[in-house]
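What follows is a set of notes on a single structure, which appears directly below.
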Amino acid sequence: MKEKTLMGKNNSKQYTVMVVDDSELDIDILIECLSDAYSVRVALDGPSALENIQRDPPDIILLDILMPGMDGYEVCRRIRQEKKTKDVLVIFVTSLTEAVDEIRGFELGAVDYITKPFNFSVIRARVKTHLELAAARKELQRQNEILKENIDLREQVELISRHDLKNPLQVILSAAEILVLEMPLEKNEMDELIQEQVASCYTMLNMINSSLDLYKMEIGSYSLNARQIDILPSLDRVLLGVRDIIQSMDLKVVVSINSQFRVSNDQFKILCDELLFYSMMSNLIKNAAEASPKGGSLLISFSENECITIHIRNQGTVSPEIRNRFFEKFVTFGKYGGIGLGTYSARLMAEIHGGKINLLTSDQENETTVTINLPKPL
């Protein structure tokens, strides 16, 4: 027998310990010591241990140094060479009578030594301590990665906001200059000027809110201010904000309510955070408009059945390279100046409302649909 696995009394134990030793007596002692707390696997020589470890890395290895053929030092060296196993904890096992090169062992990556004859309390304490330290290091690394990602996120949002805020600010400034100079305007020209100012203000408000709210949603500190509202006025403000894109692309925008074309007195009430809902729809509709072909259609539909369903459909397809990652952070493809936060933030906004968002794209029909499902109020 070259290797075996002993699971103890509980097959769902959190950690796995592998014992590598050519002495079956020592193996039996270590199994007795550890099997109540850990799943224990065994190998009787270096080659079979390496094969077992590579196939399924354990959490920690108790590795005898003096074994015939391949000794423990060589086994440890090979473990550290492989990407899959390089982080597995190794504790060398040795006898008090053996001449041990501790410096060599630590240079090879061992975390500790235990000696024979075995002291059960010492072995359990050493194994437990090193597993806890490794878990703490992993958690610290995970927290550092989240922190770095959040710093990158804030820097990216601030960068794009500083850049994109210039356009709506310029519109507002130009309109203000016209009013200051008291230039003569027809009523329709004045109405258009006011609409442009309103649209620019909402664009800026969305950018500012996105930069603040996105970070809060990621760390779970966003406070949802939900109330029952008619969302169609918010939709109108969104469409006003992307009017330039719609006009430049010569897009036909169609809005339907419960499978009927929208008319002037329609309402569609849902329970939502109005500002967050506006930001979500703004990101998705702007993205759909920019991805549409010139002269295409942009279809926006609202329906209420078992849940609230919103469809945003455009006549364009999403690159296969990003379809499965469309709502992930920083995912973008072929979009100049895009940083991949619009659809990601829309997903977070849908989820914070208790909803779900998904993408359906058809190369055959040459169209893409984003669907948002939100729960109905109780």
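The values are calculated or read from the model by the stated rules, or taken from the named source; none is laboratory data. The structure displayed is predicted, hence computed values, not measured ones. Quick reminder, even Gly has a Cβ in these numbers, built from the backbone with ideal geometry, and neighbours come from all protein chains shown. Calculation scope for accessible area: heavy atoms of the full protein, side chains included, ligands and nucleic acids excluded. Shrake-Rupley method; radii C 1.70, N 1.55, O 1.52, S 1.80 Å.
Among the residues of the range 217-239, those identified as in a strand (DSSP E or B) and open to solvent by 70 Å² or more (accessible area, probe 1.4 Å) are Arg227, Gln228. Filtering the range 324-351 to residues that are at pLDDT 80 or above, open to solvent by 60 Å² or more (accessible area, probe 1.4 Å) and within 26 Å of Lys252 (Cα to Cα) leaves only Arg347. Cβ separations smaller than 6 Å between residues 6+ apart or across chains give the following pairs from the range 235-247 residues that are among the β-branched types (Val, Ile, Thr) to residues that are open to solvent by 50 Å² or more (accessible area, probe 1.4 Å): Val242/Lys286. Listed conditions (1) exposed (fewer than 15 other Cβ atoms within 10 Å of the Cβ); (2) in contact (Cβ under 8 Å) with a residue 60 or more places away in the chain; (3) not in a loop (DSSP other than H, G, I, E, B) are all met by Ile310, apart from (1). Taking (1) buried (at least 18 other Cβ atoms within 10 Å of the Cβ); (2) part of a strand (DSSP E or B) in turn, Val253 satisfies each apart from (1).
For the range 51-69, the set of residues classified as assigned to a helix (DSSP H, G or I) and of a type in the set (A, V, I, L, M, F, W, C) consists of Ile53 only. Pairs are defined by a Cβ separation below 8 Å, a sequence spacing of at least 6 or placement on different chains, a first member in the range 54-83 that is within 13 Å of Arg104 (Cβ to Cβ) and open to solvent by less than 10 Å² (accessible area, probe 1.4 Å), and a second member that is among the acidic types (Asp, Glu) and part of a loop (DSSP other than H, G, I, E, B); the pairs so defined are Ile65/Asp71; Ile65/Glu98.
Val93 meets all of the listed conditions (1) out of contact with any Pro (no Cβ under 9 Å at 6 or more places or on another chain); (2) open to solvent by 30 Å² or more (accessible area, probe 1.4 Å) but one, namely (2).
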